[in-house]
Amino acid sequence: MILSAHERMIARRYLLPHKGEGFIFLVAGFSVVAVALGVFALISVMSVMNGFRADLFDRIVGLNGHAIVQGYDGRLDDWEGIAQEAMTLPGVTGATPLIEQPLMASSNGRVEGILLRGVRVEDIRSNELITENVTAGSIAELVPGSNNVAIGGRLANALGAYPGAEISLISPEGRSTPVGTVPRIVTYRVAAIFEVGVYDYDKAFVVMPIEDAQTMLMLGDAVAMVEIEVDQPDKVDQIIAPLMPSLTGKGVVVDWRQMNSALFEALEVERVVMFVVLCIIILVAAFNIASSLIMLVRAKRRDIAILRTMGASRAGMTRIFMSVGLIIGAVGIMLGAILAAIFLFFRQSVVNFIQLVSGAELWDPSVRFLSELPSKTDPFEVAAIILVTILLVFLATLFPARKAAATDPVEVLRYE
């Protein structure tokens with residue numbers, strides 16, 4: 001919107017309060033605050049939700065891969081051929097044998113359900129999600145035949161275990177005896193404790209060399225599954241499709257979307273709902289701007305009439321009042337963006353402070369999976385929020401601006 005010099009001067013004067021116009025200025029101030037709060041809430045909430053999804057995705061995929069080839073009855077004998085064939089597919093970056101089995105663990109008289117995870121030693125040491133989150137002990141002590149394991153931090157707390165402590169793993173599939181099957185119990189030494197930040201993993205995972213897991217579960221040279229990683233997670237089904245024919249009668253393929261479909265779909269629905277709900281806050285702020293402009297037009301009727309008699313056009317008056325409203329909106333947008341940036345930078349400190357003051361745990365990892373409040377700001381999403389806000393403010397200025405332009409100078413100045 002291009003204004004002439006005198007139109008800019010008039011718009012600037014209307015933005016500042018004059019005698020008897022304090023209330024109008026106060027309403028305009030409330031409008032700025034309302035827009036700022038709406039933009040702040042939208043950017044902050046959407047960034048936190050984006051961060052939650054991205055962080056959760058990275059941690060889940062970091063331990064489970066983008067897809068798994070799972071053998072029938074939990075056993076995959078020809079896993080080497082499957083892994084080699086998978087690696088020949090364009091887009092596949094890794095194919096790793098894996099054993100996962102729910103068992104029981106006991107230590108210090110305590111018993112917990114666990115998820116045994118057998119992985120090749122080189123794959124354990126190359127997994128940054130584990131190696132970079134070791135809180136005690138050393139991953140280097142996990143070698144085949146050592147009977148050493150690494151366990152999640154919350155599981156360690158539940159069992160009262162620590163590096164050097166012993167835990168017993170209990171498998172229901174044990175030796176057959178005349179009186180029935182005797183559970184298989186093997187004692188292992190805790191070599192390392194890790195905390196990846198996903199509550200369910202830290203509460204259940206026991207990681208050991210795949211050779212030890214094969215011995216524990218009496219699998220021989222077989223594994224339970226082959227974990228596949230690809231370079232384009234959103235196209236994982238297309239990338240691994242050529243592998244399907246060779247898996248007939250051996251196993252099935254499950255990708256990350258199928259494994260966590262309910263969770264990620266719920267997050268997506270929640271993002272859309274939150275965006276719509278928070279846009280209502282900005283809509284209310286836009287109505288506040290419209291209200292302040294209507295009061296300004298009423299207060300300036302005499303000035304508008306004089307300007308019209310001096311040659312000001314209807315279009316010029318429309319531009320002046322629309323500019324006033326858009327400037328109010330722009331100030332609110334800028335203030336809201338700054339507040340959002342500050343909040344997101346100090347988000348965890350804010351959460352910790354509120355928890356300290358209120359005594360309530362706002363970010364319970366057992367409910368929200370992750371241990372800390374995440375954040376990931378999408379520049380395109382921020383741009384969309386700003387554009388939506390400007391559009392709503394623009395629409396809110398149309399009526400009062402057109403009302404000002406429609407002022408009849410003859411009627412206003414008749415008795416002056």
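See the values below:
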{"read-out": "Helices (runs of 4 or more DSSP H) contained entirely in region 272-361, each with at least 2 residues that are within 28 Å of residue 44 (Cβ to Cβ)", "value": "314-345, 347-358"}
{"read-out": "Qualifying residue in region 150-160 (condition: surrounded by fewer than 22 Cβ atoms within 10 Å (Cβ to Cβ), of a type in the set (S, T, N, Q) and under 24 Å from residue 185 (Cβ atoms))", "value": "yes"}
{"read-out": "Every residue from region 42-78 that is assigned to a helix (DSSP H, G or I), at positive phi and in contact (Cβ under 8 Å) with a residue 12 or more places away in the chain", "value": "74"}
{"read-out": "Residue tally, condition open to solvent by less than 60 Å² (accessible area, probe 1.4 Å) and free of Cβ contacts under 8 Å to residues at least 40 places away in the same chain, over region 256-302", "value": "2"}
{"read-out": "In region 19-36, residue modelled with the highest pLDDT [restricted to those that are open to solvent by 70 Å² or more (accessible area, probe 1.4 Å) and not basic (Lys, Arg)]", "value": "33"}
{"read-out": "Single residue of region 317-371 satisfying the filter (polar (S, T, N, Q) and loosely packed, with under 13 Cβ neighbours inside 10 Å) that is modelled with the highest pLDDT", "value": "349"}
{"read-out": "Matching residues, region 135-148, being open to solvent by less than 30 Å² (accessible area, probe 1.4 Å) and in contact (Cβ under 8 Å) with a residue 60 or more places away in the chain", "value": "142, 148"}
{"read-out": "Residue check for residue 184: open to solvent by less than 30 Å² (accessible area, probe 1.4 Å), of a type in the set (Lys, Arg) and part of a strand (DSSP E or B)", "value": "no"}
{"read-out": "Tally, over region 94-134, of residues that are at pLDDT below 90, among the β-branched types (Val, Ile, Thr) and open to solvent by 40 Å² or more (accessible area, probe 1.4 Å)", "value": "1"}
{"read-out": "Count - residues of region 121-175 that are outside any helix (DSSP H, G or I), under 32 Å from the mean Cα position of the chain (by Cα), among the hydrophobic types (A, V, I, L, M, F, W, C) and within 24 Å of residue 227 (Cα to Cα)", "value": "4"}
{"read-out": "Residue 39 vs. criteria surrounded by fewer than 19 Cβ atoms within 10 Å (Cβ to Cβ), in a helix (DSSP H, G or I) and modelled with pLDDT of 70 or more", "value": "no"}
{"read-out": "Residues within region 79-93 that are closer than 30 Å to residue 203 by Cβ, open to solvent by less than 50 Å² (accessible area, probe 1.4 Å) and under 34 Å from the mean Cα position of the chain (by Cα), tallied", "value": "1"}
{"read-out": "Meets criteria (in contact with a helix residue (DSSP H, G or I) (Cβ under 7 Å, 6 or more places away or on another chain), at pLDDT 90 or above and among the polar types (S, T, N, Q)) for residue 148", "value": "yes"}
{"read-out": "Residues that are modelled with pLDDT under 85 and outside any helix (DSSP H, G or I), drawn from region 375-416", "value": "375, 406, 407, 408, 414, 415, 416"}
{"read-out": "Residues (of a type in the set (Val, Ile, Thr) and over 14 Å from residue 12 (Cα atoms)) located in region 284-326", "value": "284, 289, 294, 297, 304, 306, 309, 318"}
{"read-out": "Residue, least open to solvent (accessible area, probe 1.4 Å), within region 166-181, restricted to residues that are of a type outside the set (Gly, Ala, Ser) and modelled with pLDDT under 85", "value": "177"}
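Here is a yes/no grid of residues against (1) of a type in the set (Val, Ile, Thr); (2) surrounded by fewer than 17 Cβ atoms within 10 Å (Cβ to Cβ):
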position	(1), (2)
189	no, yes
216	no, no
226	yes, no
234	no, yes
240	yes, no
245	no, yes
253	yes, no
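The values are calculated or read from the model by the stated rules, or taken from the named source; none is laboratory data. Computed from a predicted model, the values in this text were never measured in an experiment. All Cβ positions, glycine included, derive from the backbone under ideal geometry; neighbour counts span all protein chains shown. For the accessible areas, the whole protein counts, side chains as well, though only heavy atoms, and no ligand, DNA or RNA atoms are used. Shrake-Rupley method; radii C 1.70, N 1.55, O 1.52, S 1.80 Å.
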